[in-house]
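The structure under discussion appears below in the form of structure tokens.
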2 protein chains.
Amino acid sequence: MKRLPLLLAAVLCVAGASAQQALWSASKIVSPQINGDNSVTFRLMAPEAKSAVVVCDYTAADGTALAPGKMVRGGDGVWEFTTPPLMSELYSYNFVVDGVKVCDPANVYINRDVASVANIFIIGGDRGDLYRVNDVPHGSVKRCWYDSPTLGKSRRMTVYTPAGYEQGREKYPVLYLLHGAGGDEEAWMTLGRTSQILDNLIAQGKCRPMIVVMTNGNPWQQAAPGEAADGMKQPGMKFDPSQTSFEESFGDVIAYVEDNYRVIRKKEARAVAGLSMGGGHSFNISRMYPDTFDYVGLFSAAVRGVEDPEVAESLVRQRDNGLKLYWIACGNTDFLYQANKDYMKYLDSISFPYTFRESDGGHIWRNWRIYLSEFAPMLFRK
Amino acid sequence: MKRLPLLLAAVLCVAGASAQQALWSASKIVSPQINGDNSVTFRLMAPEAKSAVVVCDYTAADGTALAPGKMVRGGDGVWEFTTPPLMSELYSYNFVVDGVKVCDPANVYINRDVASVANIFIIGGDRGDLYRVNDVPHGSVKRCWYDSPTLGKSRRMTVYTPAGYEQGREKYPVLYLLHGAGGDEEAWMTLGRTSQILDNLIAQGKCRPMIVVMTNGNPWQQAAPGEAADGMKQPGMKFDPSQTSFEESFGDVIAYVEDNYRVIRKKEARAVAGLSMGGGHSFNISRMYPDTFDYVGLFSAAVRGVEDPEVAESLVRQRDNGLKLYWIACGNTDFLYQANKDYMKYLDSISFPYTFRESDGGHIWRNWRIYLSEFAPMLFRK
């Protein structure tokens, strides 16, 4: 029985004669169009516009950053701009049309970064291939709610389980992966491409199958914007100095994960890593929960407090307990670069072993995806 | 230890002095602003624009549909339009600025419908409250991959499990909920607000806790656009008359769900429902898998094929096997309204029992959310 064509025919047929329904309101414009040489053509139908510009974090194939692209109006009212060949990467962009920053109406792929949205596209061939969905076994991604008695609320987390988790009985190691200021439990999934990176690294045999737990590090929130009972507000921060810290509540996270997933409950099977504020969280969590994590990743981390005797003491204890990897990564133009250098000087002074990965670039998701791609393969090795 | 303020201070402080990073590129414009009387103010900063219009499916509090709203430019270059008080609902809108349809740059809440994107907002107080995230226990939502030997590929599905599923040992009934043409395994979650509707109905005691399985009904696809290895293409349809139908592969779906979730493996604990093409799928699946489903929901369904003797015979068998609810819902201005009336005439002719729910309106998500909200409470009652 081949019912599908019949059904579709029924729907599409009648829909054609009907004005009422919006099955196909797709743009006829193709944008972005990735060309054979990895140049990219952006298009926008805007006959009345006076100017249109592509603002994108694109990088030419030779590594040079490119300026915003001035689109040129064609006779048909379609504005167009074509880049030179681009480096393999995941890129974000917006159009600025007569001074208004908007998303590309022809591109449905959109990421939110804190309180703004941008379209994305991927140039494959190298690093970008790691961020693509490839024809490999895929893990599952679950959004679930855990109880945090420490913060006095139910909270949302995102959990990646590797392909085969459902079918097997094996226990897995866990990477706790933390976002930065303004982010939430969605950030590593959307901007960080975590499930794609893990699927691909695991399929390539470069990374041990692991569970990745992406928490919400904002103690005043239950969940990402729009996912909690405070409504669809413009994303923002709520400062409350009296608030119990996320780090103090992290035991609730570990308890939930270890109660609800098949995990190896050992130090050697736990990693914690995060970017920026989440790097600071990882710094704190790894020393506040003694002998719990063998792997720590500080990505462009906001590290503070070594002048506090209590903190200093906990670092010495962490050093004495021993751990397998304390990985500090930072871009050489990151505004936290010097702070990280200073922190490493401090670690040197107490003979705390660490590895430093210096990259180009600044405080950007491009770097954090690279750091995750390099950090994950080092984890949970015998 | 109250580390959070320190960390945030570290990040925000230095960020203030740094131009390199985009932590806070949020719009200072508030839009949409829901006013105390449930009127809504839309705003757009566009000093150079010649015209700006709000295109929205809004309905006034008294039930009248409203025309697109012409925004008026203020002296500061901010265009503004305020609606009359609106009916409680979930609404979608775009701005049309000098003829270009764009999303509201100040609103990060965006839904994709087939190949176009629109912002959303909710007016509470009545029906809209059911679509909100409220302060109730929340179910989990998982995106996972199942093997479909019938279609010869691994495929993605979305599974809602009710609050308490993880912690308990109870077995649950299952609603299989199918999308329409152009949709995919994300449609019922985003446009249909399924997890919110189920969380709220269950919390209100109006609906039995159940698992909801949202499949991808396009047999040529593995997954929603951007989630499979065919890349970030503009969403579209691929017709292949030789393709095995989704309905034929539905046994693979049931097998996966019943192997991987704690479900009650009984006819009385299985429901299948869908909209438009998915209504056609539900019509087919419920008769093709004999004695499997006690509950069937056809929402604005594209039903075809009763003139086929094989189909007619299967309907007679379905009638003779008996079932608890065969629920047909359609809007009175839906382009499939007459087809549904004709189908019911046919059902009458063979004394096939059904219930008809006629609503106002057409082939739109507003109706499908209403139908789900009414259908789910009728399921799995003793």
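If I filter the stretch A:232-254 for residues that are among the small types (Gly, Ala, Ser), on the phi > 0 side of the Ramachandran plot and within 13 Å of chain B (Cβ to nearest Cβ), do I get at least one hit?
Keep residues of the stretch A:232-254 that are among the small types (Gly, Ala, Ser), which gives A:236, A:242, A:245, A:249, A:251.
Subset that is on the phi > 0 side of the Ramachandran plot: none.
No, the stretch A:232-254 has no match at all.
When each of A:ARG169, A:ARG112 is tested for being within 8 Å of chain B (Cβ to nearest Cβ) and not small (Gly, Ala, Ser), the lone residue that passes is A:ARG112. A:GLY75: at pLDDT below 95 and on the phi < 0 side of the Ramachandran plot, yes or no? Taking the combined requirement at face value, the residue satisfies it.
Just a yes or no: is a residue in the stretch A:257-268 facing another protein chain (nearest Cβ under 8 Å) and on the phi > 0 side of the Ramachandran plot? No, the stretch A:257-268 contains no residue that is facing another protein chain (nearest Cβ under 8 Å) and on the phi > 0 side of the Ramachandran plot.
Can B:ASP240 be described as among the acidic types (Asp, Glu), in a loop (DSSP other than H, G, I, E, B) and in the same structural domain as B:ARG156 (by TED's automatic domain parsing)? Answer is yes for this residue.
Looking at the stretch B:308-329 only, could you name the residues that are part of a helix (DSSP H, G or I), farther than 30 Å from B:LYS382 by Cβ and either free of Cβ contacts under 8 Å to residues at least 12 places away in the same chain or in contact with an Asp or Glu (Cβ under 7 Å, 6 or more places away or on another chain) (or both)? Spell out how you get there, then give the answer.
Within the stretch B:308-329, the subset part of a helix (DSSP H, G or I) is B:309-321.
Remaining after also requiring farther than 30 Å from B:LYS382 by Cβ: B:309-313.
Hits for the stretch B:308-329 are B:PRO309, B:GLU310, B:GLU313.
So, restricting to strands (runs of 3 or more DSSP E) that lie completely within the stretch A:89-202, which ones have at least 3 residues that are of a type in the set (Gly, Ala, Ser) and modelled with pLDDT of 95 or more?
none
The listed residues are A:GLY274, A:GLY305, and the only one of them that is assigned to a strand (DSSP E or B), of a type outside the set (D, E, K, R) and either surrounded by fewer than 24 Cβ atoms within 10 Å (Cβ to Cβ) or assigned by TED's automatic domain parsing to the domain that holds A:ARG208 (or both) turns out to be A:GLY274.
When you check A:GLY280 against the structure, is it facing chain B (nearest Cβ under 10 Å), out of contact with any Phe, Trp or Tyr (no Cβ under 7 Å at 6 or more places or on another chain) and closer than 29 Å to A:ILE264 by Cβ, yes or no? So A:GLY280 passes the test. Restricted to the stretch A:337-376, and to residues there that are under 17 Å from A:ALA187 (Cβ atoms) and of a type in the set (Ser, Thr, Tyr), the residue that is nearest to the other protein chains (Cβ to nearest Cβ) is A:TYR371.
Considering the conditions (1) within 11 Å of chain A (Cβ to nearest Cβ); (2) at positive phi, B:GLY125 is excluded by exactly one of them, (1). The residue that is modelled with the lowest pLDDT, counting only those in the stretch B:21-44 that are in contact with a Gly (Cβ under 8 Å, 6 or more places away or on another chain) and facing another protein chain (nearest Cβ under 7 Å), is B:GLN21. With respect to the conditions (1) crowded, with 18+ Cβ neighbours inside 10 Å; (2) under 30 Å from A:ASP98 (Cα atoms); (3) away from chain A (no Cβ under 11 Å); (4) not small (Gly, Ala, Ser), B:ASP76 falls short on a single one, namely (1). For the stretch B:256-267, indicate whether the set of residues that are touching a residue at least 60 places away in the same chain (Cβ under 8 Å), among the basic types (Lys, Arg), farther than 30 Å from A:PRO32 by Cα and outside any loop (DSSP other than H, G, I, E, B) is non-empty. Within the stretch B:256-267, none of the residues are touching a residue at least 60 places away in the same chain (Cβ under 8 Å), among the basic types (Lys, Arg), farther than 30 Å from A:PRO32 by Cα and outside any loop (DSSP other than H, G, I, E, B). Applying the set (1) surrounded by 14 or more Cβ atoms within 10 Å (Cβ to Cβ); (2) modelled with pLDDT of 95 or more; (3) not hydrophobic (A, V, I, L, M, F, W, C) to A:SER18 leaves exactly one unmet item: (2).
Looking at A:LEU347, A:LEU275, A:LEU315, just one residue is under 23 Å from A:PHE246 (Cα atoms), aliphatic (A, V, I, L, M), over 20 Å from the mean Cα position of the chain (by Cα) and modelled with pLDDT of 95 or more, and that residue is A:LEU315. Scan the stretch A:232-251 for residues that are surrounded by 15 or more Cβ atoms within 10 Å (Cβ to Cβ) and either among the polar types (S, T, N, Q) or modelled with pLDDT of 95 or more (or both) and the total you get is 10.
Taking the criterion of being of a type in the set (A, V, I, L, M) and either over 15 Å from A:GLY297 (Cβ atoms) or in contact with a helix residue (DSSP H, G or I) (Cβ under 6 Å, 6 or more places away or on another chain) (or both), the residues of the stretch A:178-200 that qualify are A:LEU178, A:ALA181, A:ALA187, A:MET189, A:LEU191, A:ILE197.
For the stretch A:330-339, the criterion of being surrounded by 12 or more Cβ atoms within 10 Å (Cβ to Cβ), in a strand (DSSP E or B) and in the same structural domain as A:VAL272 (by TED's automatic domain parsing) is met by at least one residue. The number of residues in the stretch B:152-166 that are away from chain A (no Cβ under 11 Å) and in contact with a Phe, Trp or Tyr (Cβ under 8 Å, 6 or more places away or on another chain) comes to 1.
Listed here are the residues, each with its yes/no results for (1) more than 16 Å from the chain's Cα centre (by Cα); (2) small (Gly, Ala, Ser).
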{"site": "B:TYR172", "(1), (2)": "yes, no"}
{"site": "B:LEU175", "(1), (2)": "no, no"}
{"site": "B:GLU185", "(1), (2)": "no, no"}
{"site": "B:LEU191", "(1), (2)": "no, no"}
{"site": "B:ILE202", "(1), (2)": "yes, no"}
{"site": "B:GLY205", "(1), (2)": "yes, yes"}
{"site": "B:MET214", "(1), (2)": "no, no"}
{"site": "B:PRO219", "(1), (2)": "yes, no"}
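So how many residues does the stretch B:29-73 have that are among the hydroxyl-bearing types (Ser, Thr, Tyr), in a strand (DSSP E or B) and under 15 Å from B:VAL96 (Cα atoms)? Working first, answer last.
Here is the first cut: in the stretch B:29-73, the residues among the hydroxyl-bearing types (Ser, Thr, Tyr) are B:31, B:39, B:41, B:51, B:58-59, B:64.
With in a strand (DSSP E or B) added as a condition, the list becomes B:41, B:59.
So of that shortlist, the ones also under 15 Å from B:VAL96 (Cα atoms) come out as none.
Looking only at that region, the number is 0.
Looking across the stretch A:366-382, the residues that are crowded, with 19+ Cβ neighbours inside 10 Å and either under 25 Å from A:ARG270 (Cβ atoms) or without any contact (Cβ under 8 Å) to a residue 24 or more places away in the chain (or both) come down to A:ASN367, A:TRP368, A:ARG369, A:ILE370, A:TYR371, A:LEU372, A:SER373, A:PHE375, A:ALA376, A:LEU379, A:PHE380.
The values are calculated or read from the model by the stated rules, or taken from the named source; none is laboratory data. The structure presented is a predicted model; accordingly, all values stated were derived computationally and were not measured. Backbone-built Cβ (ideal geometry, glycine too); neighbour counts: all protein chains shown.
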